[in-house]
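Trainee: Please read through the structure below; I'll follow up with questions.
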Amino acid sequence: MGAVIRATRQVPPERAMWATPDRDRPFKVFCYHILVDPIHVLDAIADGKYDGGFKLTYNEKAALFDSMEEVANFGEQCRDRVRRAGIDLKRADLDREIDGYMGKTDGHELFHLVLSHTAHHLRQLYDMLGRIGVKPAEPLAAEDFRGIPMPESLW
């Protein structure tokens, strides 16, 4: 999440609404989506439901931020919540069954999926920065992603 936050801060203000190559999703929405997804997992662990309805709110929620710096600051809050959960959650919390939109799951599986999803989107974010002429600051290297399953294709 730290690498996503760093990259989010690098998006120039005039590029906040530049869209991703795979769909019409602006930088601001894309970065918000990456940063908030672990929070949806924590919410699912707490309430036992992971219905995917949050996906419909990304544009609306990202619109509340006036700048990429505000999105990055939100990301810091998300990272802090994930860190606290790493201390507070017990194995029983993660083992508990969750009704997911693709069937029954648990916190372990959802965290595994969100790690893969976040890593893949971070690679895409690096690519997007490059497309607008920005070199990612302190990017994660290929070895940092070792062991994290994700699609071979970037887009």
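Trainee: Among the residues of segment 88-106, is any closer than 13 Å to P38 by Cβ, within 18 Å of the chain's Cα centre (by Cα) and at pLDDT 95 or above? Full working, then the answer.
Mentor: Keep residues of segment 88-106 that are closer than 13 Å to P38 by Cβ, which gives 89.
From the residues that got through so far, the ones that are within 18 Å of the chain's Cα centre (by Cα) too are none.
The answer is no; no qualifying residue exists.
Trainee: Select from segment 105-123 the residues that are closer than 18 Å to G86 by Cβ and assigned to a strand (DSSP E or B) and list them in ascending order.
Mentor: Hit for segment 105-123 is D106, nothing else.
Trainee: Restricting to segment 130-147, give me the number of residues that are assigned to a helix (DSSP H, G or I) and either more than 18 Å from the chain's Cα centre (by Cα) or exposed (fewer than 10 other Cβ atoms within 10 Å of the Cβ) (or both).
Mentor: 4
Trainee: Considering only residues that are of a type in the set (G, A, S) and in contact with a helix residue (DSSP H, G or I) (Cβ under 9 Å, 6 or more places away or on another chain), which ones fall in segment 100-142? I'd like the intermediate steps shown before the answer.
Mentor: Initially, segment 100-142 is screened for residues of a type in the set (G, A, S), giving 100, 103, 107, 116, 119, 130, 133, 137, 141-142.
Passing the criteria: G100, G107, A119, A137.
The values are calculated or read from the model by the stated rules, or taken from the named source; none is laboratory data. Quick caveat, the model's predicted, so the values are computed rather than measured. Glycine gets a Cβ as well: all are built from the backbone with ideal geometry, and neighbour counts include every protein chain shown.
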